[in-house]
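Data block below; observations after.
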Amino acid sequence: QRVNVTVRSGLPMVVSGSAEPCAQLLVSSIGVVGSAEQNQRHSARFFDFLTAQLGLGTERIVIRFYPLEPWQIGKNKTVMTFL
């Protein structure tokens with residue numbers, strides 16, 4: 001219920017100066033991605049999954065974490081603050 005995934009394949013992308021196959025994962029969450037320690041743990045798990053599923057080396061994957069506040073996400077005609 002609290003996870004949404006969007007996949008956009010075939011986009012032109014360059015990572016580390018190379019246009020070889022690569023991936024970028026954007027992770028936004030309320031209260032889960034707010035510290036370096038949290039993100040280090042999440043990063044390891046995401047990298048394990050992405051390298052296994054996509055067959056990419058870790059150097060071809062970039063993860064960006066975005067901490068959010070509950071009032072920044074709208075759902076069911078309100079914001080998460082009130083859900």
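The values are calculated or read from the model by the stated rules, or taken from the named source; none is laboratory data. What you see is a predicted model; the values in this text were computed from it and never measured. Backbone-built Cβ (ideal geometry, glycine too); neighbour counts: all protein chains shown. SASA here: full protein model, heavy atoms, side chains in, ligands and nucleic acids out. Shrake-Rupley method; radii C 1.70, N 1.55, O 1.52, S 1.80 Å.
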Where does helix 36-54 land angle-wise versus the long Cα axis of the chain, in degrees 0 to 90, nearest 10? 50 degrees
The local net charge around residue 20, scoring Lys/Arg +1 and Asp/Glu -1 for residues other than residue 20 whose Cβ lies under 11 Å from its Cβ, equals 0
Give me the net charge for the shell around residue 46: Cβ to Cβ below 14 angstrom, other residues only, Lys and Arg +1, Asp and Glu -1. +3
List every residue whose amide H lies under 5 Å from the amide H of residue 30, counting only residues 5 or more places away in sequence or on a different chain, with H placed 1.01 Å from N in the peptide plane. 68
I'd like the accessible area for residue 13: 1.4 Å probe, protein heavy atoms, all chains in place, Å² to the nearest 10. 60 Å²
Cα-based convex hull, the chain, per residue volume (Å³, whole number): 122 Å³
